[in-house]
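Trainee: Next up is a structure, given as structure tokens.
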Amino acid sequence: MTHFDLQPQRLAPTVFKHRRERFLKTLDGAPAILPSAPVAIRSNDVEFTYRQNSDFYYLTGFPEPESLAVFAPGHPDGEFVLFVRPRDKERETWTGPRAGVEGAVADYGADRACLSEEIERILPRYLESAAQVHYPLGVNERLDVTMLRLIRAAQSSRERLGQGPRALLDPRAIIHEMRLFKSEPEIDAMRQAARIAAAAHCEAMRRARHGMMEWEVEALVNYVFRTRGASGASYPPIVAGGPNATILHYVTNDRRLGAGELLLLDAGCEYDYYASDITRTFPLKARFSSCQRELYQIVLTAQLAAIDSVRPGISLEEVHDTAVHALVEGMRAAGLVSGSTEEIITTAAYRRFYMHRTSHWLGMDVHDVGDYRRDGKSRQLEPGMVLTVEPGLYVSPAEEAVPAREMRATGIRIEDDILVTAQGHEVLTAGVPKTVDEIEALVAP
Ligand code: GLY
Ligand code: MN
Ligand code: MN
């Protein structure tokens, strides 16, 4: 049994405090109320493992369900109020310790903490004097009902009191813009998530062989995630052998790996609430066949060109266009498409083999929050943003018009996580190889 000295770490309390200070300044004096994620039922009385809502966690660091956070700029009773579950000796025997109101203040920096059952009694004080209220609808529907009732009650007291909320605003616009830019401690967590996922991919490359079931590789990846201190996968791993690699969201992972097939593995983990997202495509204890190598090299060339383009001032659209241009050149050379590169791009004929976008933001959520467009245009990259670069090439088993039969039923994607820096970029997931030679060395029998 190997032991790794890598405990899941909570970001320092000062990180959350600093975020709250910045958030409070942007609220224009109006209170913001954030609900925790609801508990989700898996089946009957069994719940999914609880994962806090990312926005709520970002500002509070508080991991427990049935909580509510109030941010009240300049409020005399304190600017950060947490409503939490009560301490309960009997319940805690079943489900583990709770912070309670004392812990919410002592360990999570709340200026004031109240019991969740007091929301209806206490919250009106924060609402009645506010001209507007920030609250995100749709996160926790049970709390939505309570909140709308309390906000309506506060509105109806306008005539009597001469004050009360006129507008309901969505605080996600502010929080998501903050989350889009990662600070040093956040980048450290993302580097760790990237390192652990890279180790899992290397292990999968070393171990995967034909005859194994896809789920065995899934188990291997999850084993590495958990033994190295990640809380688990950041999304259901895609372990797609042979033809399954042409199904973009294949997650059943229940087929036997065949000799001579490629395995597309898309798996990332979550460490301290930050995600990694890596894809590699590799042969099973074998070398790439010449046809596989040709297609693989097309994707790798496109991915390297797209990564190379990442720097401040470049837009996501340009990163995508760089990948598409290189993919189309490769597809033409391989005889998959015909016509001029420009024509193939304008008519989108390449989408037969490349039907998704090249990048998404990455952070606390694998498809992280933040606007992709600004003023009707694709947004320019800035230092501190993290994005994936993940071009692919997918030849469906049903594809008739391809130059070689062997090309059919082949799916290839290569995905890395890229931090935008002042100088250009840093590849967070560089710990897992991707050139043909490096991969063949790692998967060698
Ligand atoms: N693993 C999900 C994605 O690559 O977007
Ligand atoms: Mn991705
Ligand atoms: Mn992925």
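Trainee: Along the charge dipole of segment 364-445, pointing to its positive end and built from +1/-1 on Cβ of Lys, Arg, Asp and Glu, which listed residue (A401, T429, I412) has its Cα farthest out?
Mentor: Most positive-ward Cα: A401.
Trainee: With +1 assigned to the C-beta of every Lys and Arg and -1 to the C-beta of every Asp and Glu, and no other charges, what is the dipole magnitude of the chain about the Cα centre in debye, to the nearest 20?
Mentor: That gives a dipole near 300 debye.
Trainee: Could you tell me which of the pairs K182/K434; K25/K182; K17/K89 are separated by over 21 angstrom between their Cα atoms in the structure shown?
Mentor: K182/K434; K17/K89
Trainee: Output the relative contact order of segment 295-445, whole-number percent, from Cα pairs under 8 angstrom with separation of 6+ residues.
Mentor: 27 percent
Trainee: Still on this structure, please answer the following. What order do you get for 101-112, 84-95 when each peptide is scored by the mean count of other beta carbon atoms within 10 Å, highest first?
Mentor: 101-112, 84-95
Trainee: In what sequence, highest mean first, do 432-440, 379-387 appear when ranked by Cβ atoms within 10 angstrom?
Mentor: My ranking of the peptides, most packed first, is 379-387, 432-440.
Trainee: Place the peptides 255-266, 418-429, 38-49 in order of packing, highest mean first, counting for every residue the other Cβ atoms within 10 Å and averaging per peptide.
Mentor: 255-266, 418-429, 38-49
Trainee: Let me ask you something else. Which percent, to the nearest 5, of DSSP beta bridges fully inside the chain are antiparallel?
Mentor: Here the antiparallel bridges make up roughly 85 percent for the chain.
Trainee: Oh, and also: Could you work out how far the C-alpha centroid of segment 77-133 sits from that of segment 24-53, in angstrom?
Mentor: Each part reduced to its Cα centre gives a spacing of 13 Å.
Trainee: May I pose another question? Once you keep just the Cα pairs under 8 angstrom separated by 6 or more residues, what percentage relative contact order results for segment 1-104?
Mentor: It rounds to 22 percent for segment 1-104.
Trainee: Rounded if a/c is under 1.5, else prolate if a/b is larger than b/c, else oblate: which is segment 292-354, with a ≥ b ≥ c the root eigenvalues of its Cα gyration tensor?
Mentor: Verdict is oblate for segment 292-354.
Trainee: While we're on this one: Using alpha carbons only, how many angstrom separate the centre of segment 239-292 from the centre of segment 390-423?
Mentor: 12 Å
Trainee: Taking just the C-alpha trace of segment 404-443, give me its Rg and Dmax in Å.
Mentor: 14.7, 46
Trainee: Using a Gaussian network for the chain with springs between C-alpha atoms less than 10 Å apart, which of these wobbles most: L220, L300, L316?
Mentor: Of the options given, L220 has the highest mean-square fluctuation.
Bear in mind these aren't lab numbers, they're just calculated from the coordinates by the rules spelled out. The structure displayed is predicted, hence computed values, not measured ones. Neighbour counts are summed over all protein chains in view; Cβ atoms, including those assigned to glycine, are modelled from backbone coordinates with ideal geometry.
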